Amino acid sequence: MSYDRLNKSKRFRNLTSAVGVVLMAAIFATAILTERSLSRLVDSRELVTHALFVDKTIRDMMSQMLDAETGQRGYLLSGRAPYLQPYYTALAQMRQSRTALGSALSHEPSALEQLNVLDKAIAAKLQDLEHTVSLKSEGRSDEGVELILTDTANQTMNAVREALRSLETNQILRTNQQIAKDEREIRNNYLILAISVLVNLLLLAGLVQRFRNAVTQGDADQQVMDERNVELSRLLAEAATRNEQVQCLSGLNRFLQSCEDMDEAVGLLKQHLPSLMRSANGALYLMEAEQNQFSQSFTWGGKTYVASFAPGACWAARLGQPFRQPFQSGSASCAHLQSGQSDAHNNVQCLPLMAHGEWLGMVVLEAELVSEQPEISEIEGSRRFAIEQVGLSIGNLKLRESLRQAAIRDVLTGLYNRRFFDESSQREVIRALRLQAQGNYAGLALMMIDIDHFKRFNDQYGHDVGDQVLREVAQVLQNQTRGSDVAARYGGEEFTIVLADITKELALGRAQRVREAVEKLVLRPSGKDVGVITISIGLAQFPANGSTVEDLLSAADKALYEAKNAGRNRVVVATDM
């Protein structure tokens, strides 16, 4: 009887050990599948970043080609050498953009043939441009104008557009195919993950059942079974909690990647971060790079936290790793938790948000007391894992925002660039046409602005001073425009402003205020007085001076030349058609 019972107990222990090994293997497989899913999400984010870069480079090349053609035509029509500066600048930038595009698509064999087609189209267009400039330089302006009026110039430019459009379409197709492939793999991983969890549950259910059947084997066996039951239950709870957290993080990351800006992302984090951190009280701070401080975005729970603090006030920021406050306040406690607003913050933990080596923010939350319990260690690990994933998502969102701003903003002045001006002005003209047809038209005006004697600043004081003049004038334009207006750098020292919903009289008054504000600028680089800065403005009105952007630009440009010829530092309104 005792021998049989001993054999049964031995067989039971062996079977229990085997089931436990299988269960641990299944949990380990679940963890591997989770890591693969997250790795695939990271690869998808990198693919989107690469696609955004290729798209920006293609659009930059088209914009640079248009800038070169504009400079060539300005030189041909006016005979003024300054128009060649944007022409040669655009050519140099286009070569750099072509090199960057080739590097980005070097691993795409399908793009090599399209790149060759693009190179031939660009070479043909550049040859056309150089030939026209040469004719003008040789005094054969009529031949150059006649060459522009022929269909050859449009054909070469259309060939460049078609080659760039083909590259863009092919890139979009490849990106969509890769994203679809990644989504299929992620779905398959989730399916396998669900099956793994189900197997875990079945194995645990069978093991628990055997535990119940073995109760009669004695107190010693019962104690062993209870201990193993507790351990396996803990493992199952950990696996279920981790699976739930991974699914929650995966969903949150997808939403964060789809956010338009940081405000929308903060709204999502306010909903999900407290549950991910598993803490009753806490706060999220985001890094304000310009002020070099962490600013509070939101809090949860009943405790209060400071509105902002410098990185030096937090040990987590100094050490570059999570920091738990000591049990007793002292010199090792974070300074931002020792103010009057913070009460009973001895069990607080500071978790840094970082991505790509950049500080993004700080999570301050109420932490459990230091303990050797496995539950506390598991919570610590899940918090750090969640912080890493949230940091990557926020970092990618900020990177995407910076790329978007770089695509529409002029780097030197901070104003909108030529490409954004072209798109927005076309949109405003279409809107004006629609409102005019509905009888609700309020007016639309376009200003062409040129800095008087700009070459003097570069020649006498250097290009650094010339760049500073451009920035100061751009700041005036930014301050003098409304939110609905579009102020852009048109090229070189020329600027444009599109004024929506404004009458001719109000537009003229606005132009005069802009001119007067620029005239009041005082610029003293290195203590040297560079003199008075003035601008000339040509003002065109829709539809009196044209019903297209091209017509308005032409009318404003002619008015600008009249202002220059009349002595500069003045506003000239284009004559009605």
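Structure summary
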| quantity | calculated |
| --- | --- |
| Condition broken by Y285, with the remaining ones in (1) at pLDDT 80 or above; (2) under 19 Å from T49 (Cα atoms) satisfied | (2) |
| Test for S424: is it over 30 Å from A367 (Cβ atoms), crowded, with 16+ Cβ neighbours inside 10 Å, of a type in the set (S, T, Y) and out of contact with any helix residue (DSSP H, G or I) (no Cβ under 7 Å at 6 or more places or on another chain) | yes |
| Within segment 255-272, considering residues that are in a helix (DSSP H, G or I) and at pLDDT below 70, the one nearest to Y285 (Cα to Cα) | L256 |
| Hits in segment 361-375 (condition: modelled with pLDDT under 85 and either part of a strand (DSSP E or B) or in contact with a Gly (Cβ under 6 Å, 6 or more places away or on another chain) (or both)) | E366 |
| Tally, over segment 427-453, of residues that are over 25 Å from the mean Cα position of the chain (by Cα) and part of a helix (DSSP H, G or I) | 11 |
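Residue by residue, here is whether (1) among the basic types (K, R); (2) under 37 Å from the mean Cα position of the chain (by Cα); (3) within 30 Å of D459 (Cβ to Cβ) holds:
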{"residue": "K520", "(1), (2), (3)": "yes, yes, yes"}
{"residue": "P525", "(1), (2), (3)": "no, yes, yes"}
{"residue": "V530", "(1), (2), (3)": "no, no, yes"}
{"residue": "G538", "(1), (2), (3)": "no, yes, yes"}
{"residue": "K558", "(1), (2), (3)": "yes, no, yes"}
{"residue": "E562", "(1), (2), (3)": "no, no, yes"}
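The values are calculated or read from the model by the stated rules, or taken from the named source; none is laboratory data. Everything numeric here is computed off the predicted structure, so don't read it as measured data. We place every Cβ from the backbone using ideal geometry, glycine too, and count neighbours over all the protein chains shown.
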